[in-house]
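The values are calculated or read from the model by the stated rules, or taken from the named source; none is laboratory data. This is a predicted model, so every value here is computed, not measured. Positions of Cβ are generated from backbone atoms using ideal geometry, with glycine treated the same way; all protein chains shown enter the neighbour counts. Note: accessible area is taken over every heavy atom of the protein model, side chains too, but ligands, DNA and RNA are not part of it. Shrake-Rupley method; radii C 1.70, N 1.55, O 1.52, S 1.80 Å.
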Amino acid sequence: MWLAVHVPHLPLQALSDSIQQSVPALIFDRVGRRDVVIACTRIAAELGVKPGLQLAEAHALSNQLVALPRNPGRETECLQHLANVLAVLTPNIHISDDFGLLLEVGSSRALFDGYEKLLRNAIVLVDAQRLRANHVLAPTARGARWLAKAHRELLIEEQIDEWLDDLPVRCMDIKPDLIKALGELNLHFLSSIRRIETAELNQRFGTELTMALDHAYGKVSWSLPFWKPAQAFHQYVEFLELVTDQQHWWPGVSVLLHQLQEFLRLRSQAAISVLFSFSNGRQQTSQLSLASAHGIHLASEWLRLLQAQLERSSIHHEISRIDLFCSDSKALQVQALDLFDQHRNRQQIWQSLLDLLSARIGMQHLLLKPRNHQSALPESRSIASSPPSSGSATSLRPTWLIDPPRRLYGDTLRRLRHSLVLRQPERIETLDGNTSADQVNAVHRDYYIAIAERHSYWWVYRERATDCWFLQGIFA
């Protein structure tokens, strides 16, 4: 199964969202000897601009237009970023510069509990990037690609032939001259082409047309080169007007560092050093390098380091563009999280753990999402009621002690681990001795109160060394 993500008007959507919403901008490209408009914003369209106009004709309509040349590099960066975001669905992604993305998602069905939820997840991820795209899930890559040009959202698990037969010829990705020739013969839909014998089509149009049809209908497999994630980070922001004050260009720096944070999060990495380049065209360029001894992946920490650096050496010239580079990174190391420890760094360690889980499997796939409770109780699906409140949590002791403690297994253990009372647990441990005998007898236990059958309360503990649970006593 293939998921096609078609991004229409990519030259325009590759621009920042603020430009699209607030500037009468148009994108032009060189066609022959003339500059032709290929895309425009809504504000420019209200002034009479439309794709296909010559650039001079567009300027004659209004002197408020902002004309920007097409930048294929920016479009590629937009698709690369989108591939990074959708990599949580599958690593098998093909980038097509004139279309969008093609994702092989056959092996991801079980992970998302069906293709319908997978498609819904893809739509949510793309919408979060403020991109307008068409999404089609179909059995063949080329068939999904063609259908995505005609349908906003579509899921086809089988019988793709019926959908393709109704598709206009203009949705195919063959040469424009071939599409024009088919139209001159009054062949406007794929169904009309399929009525003609293959030998006759090959004789008249060559094998390109019939091979494309075989790919789309699944008669012949279509091999595609898959995208490889970039190992180095480079992004930039540009300003329509020159800026000098830090308060004007600081939001651009924040955007870049949050993009870096997302880049590192998806790879479970932390950056060792980053490089900022502040430039005014080709006239002036200033560079600021920041380094961290242990690696940082959070944008807020890099912002603090940059602020401290700017207090010592500020940028004095005008700025038209800011670039951020990062090629020095390492695997993100998450410290062991001790739930009994109330140290001030606990929140930071917890956030690192959540970032790692989110990058590796996605938080939406956790049956039970971890929560940073003040209590050190293990996670439970529901909040159980508490026992009588007489006495403090650490002074409660059962009236009936079981010696030796009884090991808990199977269903009994599973029920108890989801019925632990929300009270501060107790850690009991002895220091390791110098002799081997003392080390064997050392105690490292976490005690809890659990609700058993018939509303009785048990005193249970977890042996930290073996992660085994035992029943130590029963309350009266």
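Expressed as a rounded percentage, what relative contact order does the range 37-102 have, with Cα pairs under 8 Å and six or more residues apart?
Value for the range 37-102: 20 percent.
Once each part is reduced to its C-alpha centroid, what is the distance from the range 1-37 to the range 115-130 in angstrom?
So the separation of the two Cα centres works out to 22 Å.
Can you sort 172, 211 by solvent-accessible area, 1.4 Å probe, largest first? Please list the in-between numbers first.
On the way: 172 5, 211 85 Å².
The ordering from most to least exposed comes out as 211, 172.
Just want to confirm a number: the relative contact order over the chain, from Cα pairs under 8 angstrom separated by 6+ residues, in percent. Mind showing how you got there, number by number?
Details: 759 pairs, mean separation 46.1, N = 476.
Rounded, it is 10 percent for the chain.
Stokes-Einstein diffusion coefficient for the range 65-188 at 25 °C in a medium of 0.890 mPa s, Rh from the Kirkwood formula over Cα pairs: what value in µm²/s?
152 µm²/s
Please report the spacing between the Cα centers of the range 202-225 and the range 284-302 in Å, no decimals.
The range 202-225 and the range 284-302 have Cα centres separated by 50 Å.
Under the rule of -39500 (n - 2.57) per DSSP H run of 4 or more residues, summed and divided by the residues of the chain, what mean residue ellipticity at 222 nm is obtained, to the nearest 500 deg cm²/dmol?
Per the formula, -10000 deg cm²/dmol.
If you count only protein heavy atoms with a 1.4 Å probe, what accessible area per residue comes out for the chain, rounded to a whole Å²?
Roughly 56 Å² per residue, with all protein chains present.
For the range 221-314, take the alpha-carbon Rg, divide it by the Kirkwood Rh, and send me Rg/Rh.
We get a ratio of 1.06 for the range 221-314.
Less than 26 Å apart at the alpha-carbon level, and either on another chain or at least 8 residues along: which lysines does that give for residue 330?
Cross-link targets: 228.
Can you compute the modelled spin-label distance between residue 153 and residue 294, with each label point 7 Å from Cα toward Cβ, in nm?
If labels sit at residue 153 and residue 294, their model points lie 4.4 nm apart.
Tell me the net charge near residue 317. Cut-off is 13 Å between Cβ atoms, residue 317 excluded, with +1 for each Lys or Arg and -1 for each Asp or Glu.
Residues near residue 317 contribute 0 overall.
Can you give me the angle between helix 115-128 and the longest principal axis of the chain, using Cα atoms only, in degrees from 0 to 90, rounded to the nearest 10?
Result, in degrees: 80.
Could you work out the local net charge near residue 280, counting Lys and Arg as +1, Asp and Glu as -1, over the other residues with Cβ closer than 9 Å to its Cβ?
Local net charge: +1.
Filter 149/219; 50/219; 50/149; 180/219 down to the pairs with a C-alpha to C-alpha distance above 29 Å, please. If you can, show how the numbers build up before the last one.
On the way: 149/219 21 Å; 50/219 40 Å; 50/149 20 Å; 180/219 25 Å.
From the list (149/219; 50/219; 50/149; 180/219), the Cα-Cα distance tops 29 Å for 50/219.
Pairing the Cα long axis of helix 299-312 with the longest principal axis of the chain, what angle in degrees results, from 0 to 90 and rounded to the nearest 10?
The angle comes out at about 80 degrees.
Show me, for the range 44-61, the HN-Hα J-couplings you get by feeding each phi into the Karplus relation (A = 6.51, B = -1.76, C = 1.60, θ = phi - 60°), rounded to Hz, glycine and proline as x.
Result, rounded to whole Hz: 5, 5, 5, 8, x, 7, 8, x, x, 5, 6, 4, 5, 5, 5, 5, 5, 6.
Consider the candidate values (1) 28.8; (2) 24.3; (3) 27.8; state which one is Kirkwood radius over Cα pairs in Å computed from the structure displayed.
(3)
Summing Lys, Arg as +1 and Asp, Glu as -1, what charge do residues with Cβ under 12 Å from the Cβ of residue 248 carry, residue 248 excluded?
Once positives and negatives cancel, what remains is -3.
Send over the semi-axes of the range 1-120's equivalent ellipsoid, whole angstrom and largest first, taken as the square roots of 5 times the C-alpha gyration tensor eigenvalues.
Calculated on Cα positions only, the semi-axes equal 36, 14, 11 Å.
What is the angle, in °, between the Cα long axis of helix 207-217 and the longest principal axis of the Cα atoms in the chain? Nearest 10 is fine, range 0 to 90.
Long axis of 207-217 versus the principal axis of the chain: about 30 degrees.
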